[in-house]
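Asker: Just passing along the structure, written as structure tokens.
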Amino acid sequence: MDWSFRPDRPIYIQIAEGFRTSVATGELQPGDKLKSTKELAAWAGVSPNAMERALGELQSEGLIEDRGPEGRFVAGQGAAEDIRWAMAAQEVDGLVKRMGALGFGKAEIIRLVEEAE
Amino acid sequence: MAILECKDLKKRYGPTEALRGVSFNLEPGRITGLLGPNGSGKTTFIKLTAGLLVQTSGMLKVCGMEPGRKTKALVSYLPERLDLPLWMKVEAVLDYFRSFYKDFDRDRAADMLEGLGVPLDKPIRALSKGTREKVRLICCMCRKAKLYLLDEPVGGVDPATRDFILRTIIANFDPEAAVLISTHLIGDVEKVLDDVIFLDKGLVKLQSSVDAIRQERGCDVDTLFREVFRC
């Protein structure tokens, strides 16, 4: 994971985004056990409070499961698939908008995508 | 209960007013940056809190007590300048800390130093500047204190040493203790801070959480600092 942070948003939001990307790309696998909040914070070089807040958000989204004394785990395949599709939708949304700004319609985007490597 | 409380705290050195009425609290489980340009009063504030100076007027309490013998047992202070005798061997420094502070975990400190490859049987004099700083920081962070006062912990060290210092501060995090880090190198330290206090010419110019600054102003603390203290 890349732990460089942009200046314009709270760090905990960016940590959560980093985890979502890792789950979507498979860098983190369903069922993987996460290290402790403090270890993760030291790894990312951030405040343990920011790390805890990020993990709390991911837990409320269902991407991470808290199994009490056993620790925290990456949730099952379903949650990983959901986040993969949600991120794909976001990427496509962005692409359509940026191409729109350049004057390309959907049909042209599809043709260009088909021609792309 | 707040770990540190101060109200209208003033410190004067002869005609010079170093602190001109400072008020804020530090809560447990938070890492706070005390930020300001040179001469803004950061070190004076930290020395008052460490019990090395006495205020001219105003209130200052650590865990409900005025700084003194009892609070020194609860406060772990990292001075801006290295305070270890150069002739002393590293292992003797560890013994020295254990005899001074009941809350010092000598085994943990020795493990950390060995993990870094620091020779325990060499005198401080034989170590590089960065290694001396690491030894001193480990001594500071291996106490189980209620308040950690770190005066410019990343000043003048290389990036690898800086990362080690920041990671050691994070790894030592205790939800029942407060950490106060003074620095003017904000960009290096911002990621580990929960809250910031801007000191300007002996007064608190701003107190905020880092999240609130990023959320509400859309910029990082470093950028805000440069705006507030533009020359």
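Asker: Based only on Cα atoms, what mean projected area does the convex hull of the protein assembly as shown have, in nm²?
Answerer: For the protein assembly as shown, averaging the hull's shadow over all directions gives 23.0 nm².
Asker: Residues with amide H under 5 Å of B:Arg143's amide H, sequence separation 5 or more or different chain, H placed in the peptide plane at 1.01 Å from N; which?
Answerer: Distant-sequence amide H within range of B:Arg143: B:Asp105.
Asker: How about segment A:30-69: which trypsin sites (Lys or Arg not before Pro) there lie in a loop by DSSP and see at most 15 other Cβ atoms within 10 Å?
Answerer: Listed in order of number, the matching sites are A:Lys35, A:Arg67.
Asker: Next question. So the label point goes 7 Å from the Cα of A:Ser36 along Cα→C-beta, right? Which residues of segment B:27-56 then have their backbone N under 20 Å from it?
Answerer: What the label zone holds, given the 20 Å backbone N cut-off, is B:28-31.
Asker: So for each of B:26-36, A:94-104, B:60-70 I average, over its residues, the number of other beta carbons within 10 Å; can you give me the resulting order with the highest mean first?
Answerer: B:26-36, B:60-70, A:94-104
Asker: Other chains near A:36-49: what is the mean number of their Cβ atoms within 10 Å of each residue's Cβ?
Answerer: Across A:36-49, the average partner-chain Cβ count within 10 Å equals 6.
Asker: Hey, if you put +1 on the Cβ of every Lys and Arg and -1 on every Asp and Glu Cβ in chain B, which of B:Phe97, B:Met59, B:Ile181 ends up farthest toward the positive end of that dipole?
Answerer: B:Met59
Asker: Starting from the amide H of B:Ala178, placed 1.01 Å from N in the peptide plane, find each other amide H under 5 Å away whose residue is 5 or more places distant or on another chain.
Answerer: B:Gly29, B:Leu147, B:Tyr148
Asker: For chain A, calculate the relative contact order in percent as a whole number, restricting contacts to Cα pairs under 8 Å that are 6 or more residues apart.
Answerer: 24
Asker: For segment A:11-115, what does the equivalent ellipsoid look like in terms of its semi-axes, each the square root of 5 times an eigenvalue of the Cα gyration tensor, given largest first in whole Å?
Answerer: Working through the eigenvalues yields semi-axes of 34, 16, 10 Å.
Asker: Write out the trypsin sites (Lys or Arg not before Pro) in segment B:152-231 meeting two conditions: DSSP loop, and at most 13 other Cβ atoms within 10 Å of their Cβ.
Answerer: B:Arg230
Asker: If each Cα of segment B:117-157 is one equal point scatterer, what is log10 of I(q)/I(0) from the Debye formula at q = 0.23 Å⁻¹?
Answerer: Once normalised to I(0) and log-transformed, intensities are -0.84.
Asker: Here is a follow-up. For segment B:93-197, rounded, prolate or oblate, judged on the Cα gyration tensor with a ≥ b ≥ c (square roots of eigenvalues), a/c < 1.5 rounded, else prolate if a/b > b/c?
Answerer: oblate
Asker: Going through segment B:72-117, which chymotrypsin sites (Phe, Trp or Tyr not before Pro) have at most 16 other Cβ atoms within 10 Å and a DSSP loop state?
Answerer: B:Trp87
Asker: Can you work out the base-10 log of I(q)/I(0) for chain B at q = 0.08, 0.11 1/Å, using the Debye formula on its C-alpha atoms alone?
Answerer: -0.29, -0.55
Asker: How much mean residue ellipticity at 222 nm does chain B get from its helices, if each DSSP H run of length 4 or more adds -39500 (n - 2.57) and you divide by all residues, to the nearest 500 deg cm²/dmol?
Answerer: One gets -9500 deg cm²/dmol as the mean residue ellipticity at 222 nm.
Asker: Treating only the Cβ atoms of Lys and Arg (+1) and Asp and Glu (-1) as charged, compute the dipole magnitude of the protein assembly as shown about its Cα centre; round to the nearest 20 debye.
Answerer: 1940
Asker: Under 8 Å for C-alpha pairs, at least 6 residues apart: give me the relative contact order for chain B, rounded to a whole percent.
Answerer: After rounding, I find 28 percent.
Asker: Another one. Let's test this: bin the Cα-Cα distances of segment B:147-211 at 5 Å from zero up to the farthest pair and state each bin's percent.
Answerer: P(r) for segment B:147-211, in whole percents per bin: 4, 15, 27, 27, 17, 9, 2.
Asker: Would you mind pulling out the separation of the Cα centroids of segment B:174-225 and segment B:1-77, in Å?
Answerer: When both Cα centres are located, 17 Å separates them.
Asker: Modelling each spin label as a point 7 Å along the Cα-to-Cβ direction, I'd like the B:Val54/B:Met1 distance in nm, to one decimal.
Answerer: About 2.4 nm, to one decimal.
Throughout, read-outs are computed from the coordinates displayed, never taken from laboratory work. Quick caveat, the model's predicted, so the values are computed rather than measured. Every residue, glycine as well, gets a Cβ built from its backbone with ideal geometry; the counts of neighbours run over all protein chains shown.
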